[in-house]
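Only the coordinates and a few stated rules stand behind these numbers; no lab work does. Owing to the predicted nature of the structure, the values given are computational and were not obtained by experimental measurement. Here Cβ is always computed from backbone atoms with ideal geometry, including for glycine, and neighbour counts include all displayed protein chains.
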Amino acid sequence: MVVGAGAAGMYTALRAAEAGAKVVLVSRKRLREAVRESASFWAQGGLAAALAPGDSPQRHAQDTLNAGRGLCRAAAVEVLVQDAPRAVAELVERGVGFDLGPDGRPALALEGGHSARRIVHAGGSATGKALTDRLIELIEQSAAIDVRERSSVVALWSDRERCVGVITDTGPVSARATILATGGGAALWARTTNPYGAIAAGAVLAHVAGAELADLELCQFHPTALALPGSAHDGTLLTEALRGEGARLLDASGRRFTDELAPRDELTRAILDRMEQDGTDHVALDLRAIDPARFPNVFAACRAAGLTPEREPVPVAPAAHYLIGGIRCDLDGRTTLPGLYAVGECSCTGVHGANRLASNSLTECFVFGARAARAAVREPRSRPLPPVPEWRFTPPTARTREAMWRLAGPRRCATALERLRDDPYPLARLLARAALAREESRGVHQRSDFPRADARLDGLHLVFDRDSRLRWERWS
């Protein structure tokens, strides 16, 4: 059973089917419609992999560790960087058409925090669409995958000792292994680059069922999202790759003020500082040196918002982008609840540390999705089945989303976070508790009342056990 129709879910379903499993893929809408509402479809970045001469997995690992600010799980990073080139090759074998250079090899882009060109794209900045379009074709061709469209998972079928399937809005479905690929939670913040449904539903489902969660205080805010308050275009992502190809960040007087290729946490802080100093709600991103044909969907999105990026800089400001924390799992996607796996943004292996390196997340979907599929097909069948639980998932309200942006945004303090502890949405409450407990500023987690990193917390992760008790834990 795979829950989720993004890149992680579809690829994991394919790999499980190729390993001989009968797979049910649950999609809350028609598959093609659900995919269009996934973060994967809209991904403008690509896959990070050490493919260039002179680059290496070790160098990729070092960049990832540097970006992660002393909190990356080294074993997870090693898996990611070693398997990344193979993941790209396997996608090519499955018919994904990555952009090629004059030599016929994948064209490699540079993004913030990377010390080498190692980002593969498809369709310029439409990588997500190219990937998911091909995965849909493969899913539809597979006789071993039963796509349950227009079916919403409202709970996991669990006695808190083992997960044996899911409860959908049309009834329970048992499975030898259940893999959550439900996406992230950055749409819990009112200002976000994510589709509306990215509300960390998988983490809530898993925790109620008995799985541990980790690193919930860590949400990455993308530095360059369109700043058009009150407009439907507010929060539209402007990819990291633009800055890799020469786009510049300008202050209110039109001067460049920072290194555009710094890691995302550093760049977000620089933009927030400049906005405060200038007394504005945005800075400007100058795209005039960029060929619009290189990033057609970015320029189209700007024009749709009434902007003319070929002639004048566009307004940008940070927005919630990627929830690093999620369902705690091992390097094969196993959660702490037997029978339950997690892949993609809903999972938390520790690979991203306290600040995700650009374009590592799509790579994560395919590297860890393949590992989870291999492990899940070996799960034993569970009999007898436990009673169907009574609890059902309830989504967050608009008030929660507004409160998350106000009280747990890019800069936080204890006074604001305390006000979130009674929020009706479970994940908002847990996130507030974790953010309060981490009394330091590290990576994406910035506390105005604790402005420096605490070396004593290097390598320490905050974990909620199945009963929501919070503990510190060191991961190797």
* **Of all DSSP beta bridges in the chain, antiparallel share, percent nearest 5** => 75 percent
* Once you sort the root eigenvalues of the Cα gyration tensor of segment 383-476 as a ≥ b ≥ c, which label holds: rounded (a/c under 1.5), prolate (a/b larger than b/c) or oblate (the other case)? -> oblate
* Give the value in nm², to one decimal: projected area of the alpha carbon convex hull of segment 219-320, averaged over all directions. => 6.0 nm²
* Taking the Cα atoms of segment 78-171, what is the range of coordinates along each of the three principal axes, in descending order and whole Å? -> 53, 31, 21
* Asked: Using a ≥ b ≥ c from the Cα gyration tensor of segment 82-134 (square roots of the eigenvalues), is it rounded, prolate or oblate, where a/c under 1.5 gives rounded and otherwise the larger of a/b and b/c decides, a/b for prolate?
  -> rounded
* Structure fact -> With N residues in segment 97-254, Rg(alpha-carbon) / (2.2 N^0.38 Å) equals 1.34
* Asked: Between segment 238-302 and segment 126-178, what is the C-alpha centre distance in whole Å?
  -> 38 Å
* Asked: Which percent of Cα-Cα pairs in the chain sits in each 20 Å bin, short to long?
  -> 26, 60, 14, 0
* To do: Mean Kyte-Doolittle of at least 0.0 plus a Cα span of 20 Å or more along the axis: flag which DSSP H helices in the chain meet both, please.
  => 74-93, 360-376
* Which is farthest toward the positive dipole end of segment 219-320 among P229, S253, T308, measuring Cα position about the Cα centre, with Cβ charges +1 (Lys, Arg) and -1 (Asp, Glu)? -> T308
* Structure fact -> segment 305-452 -> Rg/Rh from Cα coords, Kirkwood Rh, value 1.05
* Asked: Which loop-located chymotrypsin sites (Phe, Trp or Tyr not before Pro) does segment 183-264 contain, where loop means any DSSP state but H, G, I, E or B and the Cβ has at most 15 other Cβ atoms within 10 Å?
  -> Y196
* With all pairs of different alpha carbon atoms counted, what Kirkwood hydrodynamic radius in Å does segment 243-387 show? -> 18.4 Å
* Computed [θ] at 222 nm, helices only, for the chain once each DSSP H run of length n ≥ 4 contributes -39500 (n - 2.57) -> -9500 deg cm²/dmol
* With charges only on Cβ, +1 for K and R and -1 for D and E, what is the dipole size of the chain about its Cα centre, in debye, rounded to 20? -> 780 debye
* Asked: Binning every alpha carbon pair distance of segment 1-109 at 5 Å from zero, what are the percents per bin?
  -> 2, 10, 15, 18, 19, 18, 12, 6, 1
* **Order by protection proxy (mean Cβ within 10 Å, highest first), peptides 425-434, 316-325, 377-386, 222-231** => 316-325, 425-434, 222-231, 377-386
* To do: Mind putting a number on the dipole of segment 377-476 about its Cα centre? Charges go on the C-beta only, +1 for Lys and Arg and -1 for Asp and Glu, and I need it in Debye to the nearest 20.
  => 200 debye
* Positive end of the charge dipole of the chain (Lys, Arg +1 and Asp, Glu -1 on Cβ, about the Cα centre): tell me which of A17, V444, A75 has its Cα farthest that way. => A17
* What is segment 360-405 by shape, rounded, prolate or oblate, if you read a ≥ b ≥ c off the alpha carbon gyration tensor as root eigenvalues and call it rounded for a/c under 1.5, prolate for a/b larger than b/c, and oblate otherwise? -> oblate
* Structure fact -> Per the Cα gyration tensor, segment 170-257 corresponds to an equivalent ellipsoid with semi-axes, largest first in Å, of 37, 14, 12
* With charges set only on the Cβ (+1 for Lys and Arg, -1 for Asp and Glu), what does the dipole of segment 12-87 come to about its Cα centre, in debye to the nearest 20? -> 420 debye
* Asked: Among 163-169, 150-156, 139-145, how do they line up from the highest to the lowest mean number of other beta-carbon atoms within 10 Å?
  -> 163-169, 150-156, 139-145
